[in-house]
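A short worksheet on the structure shown next.
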Amino acid sequence: MKITSTILAVVLLACATAFGQGALENRLAVLDPIINDAIAQQQIPGAVVLIGHEGKIVYRKAYGDRALAPRREAMTVDTIFDCASLTKAVATTTAVMQLWEQGKFRMNDPVAKYLPEFGQNGKQDITIRQLLVHYSGLAPDLDLTKPWEGKETAYRMAFEQAPERPPGSSFVYSDINFVVLGALIEKLSGQPLDEYSAKRIFAPLGMRDSSFNPSRSLRPKIAPTEHDAAFRKRLIVGEVVVFHFRDGLVKDGKIATKDLDPIARLAGPTYARLGDTITLAPAHHTVKT
């Protein structure tokens, strides 16, 4: 196990039955041995459990540690986590659905209608819906084995991809889908994903500790993502990987740095406090398209 593996953050939505606070806490005590056993078996260093019911937080508890190195730090309920690919749901998909609600596109529109460069190499009929649900037929990721750098290079590589299987034929999880959706958001809104998310998602919902750009003042509350032994040779806290590949090494930087390649803002993770994510959950609703 990596010494500071990604912390498990658990968000549970309470069932519809209402309980008194005391009764609720007694019922939820069943979670304690489950999480404590995982910590004892070194599956996770710690966790935060947060349960919402009818728009209110009814249970919140921290377990174990949020960091083991360079020094042990106890987990707290206000710990900020690296959301990793949950960024796809928290930021990218939310932004896409907002633009859909504004009538900027239809789900079954070809992506190439808005991003003509995407339509090459057999992708002319791939729809926005297929990107969202990972039925595009595209590869799981861009080529990370050869040197390349830059946001425009990443877009070009995504746009030049040929499907590996017929679009719509099967589910294959693909980061390329969401690189392209980030480009679509930028095209339709006129704003990069990080700026759009800050103004249109995080700020309106009061998600004050959620961002692509965690400030240095928040660093003490951020749980380490991992100890990167392969590339950066150090503990990663509150950072993203810049899409910049040379000599097989990933060059990284801190989001706060002004001259970082903007692709980091597109593909890098959001960081969020668990209380923020439970604020987001009721804001999503089922829609018929």
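Please treat every number below as a calculation from the coordinates, not as lab data. The structure displayed is predicted, hence computed values, not measured ones. Cβ: placed from backbone, ideal geometry, glycine included. Neighbour counts: every protein chain shown.
For Glu164 and Asp125, the difference between the fully extended length at 0.36 nm per residue and the C-alpha to C-alpha distance is 12.6 nm.
Please go through segment 24-123 and write out the trypsin sites (Lys or Arg not before Pro) that DSSP classes as loop and that have at most 13 other C-beta atoms within 10 Å.
Arg71, Arg72, Arg106
Would you mind getting me the FRET efficiency between Ala23 and Thr76? Use the beta-carbon distance for r and R0 = 41 Å, nearest 0.05. Working from the Cβ atoms, E equals 0.95. On the basis of the beta-carbon distance and an R0 of 25 Å, Ile57 and Arg216 show a calculated FRET efficiency of 0.35. Would any residue of segment 121-156 have its amide N under 13 Å from a label point 7 Å out along Cα→Cβ of Asn108? List them or say none. Counting only backbone N, you get 127-130.
Distant-in-sequence amide contacts of Gly46, defined by a placed amide H-H separation under 5 Å and a gap of 5 or more residues or a different chain, comprise Leu8, Asp65. With a Cα cut-off of under 20 Å and a minimum spacing of 8 residues unless on different chains, the lysine pairs in segment 110-203 number 5.
Remark: spin-label model distance Gln98-Phe171 equals 2.7 nm, labels positioned 7 Å along the Cα→Cβ axis. Sites listed here are GluC sites (Glu not before Pro) in segment 39-134 whose DSSP assignment is loop and whose Cβ has at most 16 other Cβ atoms within 10 Å: Glu54.
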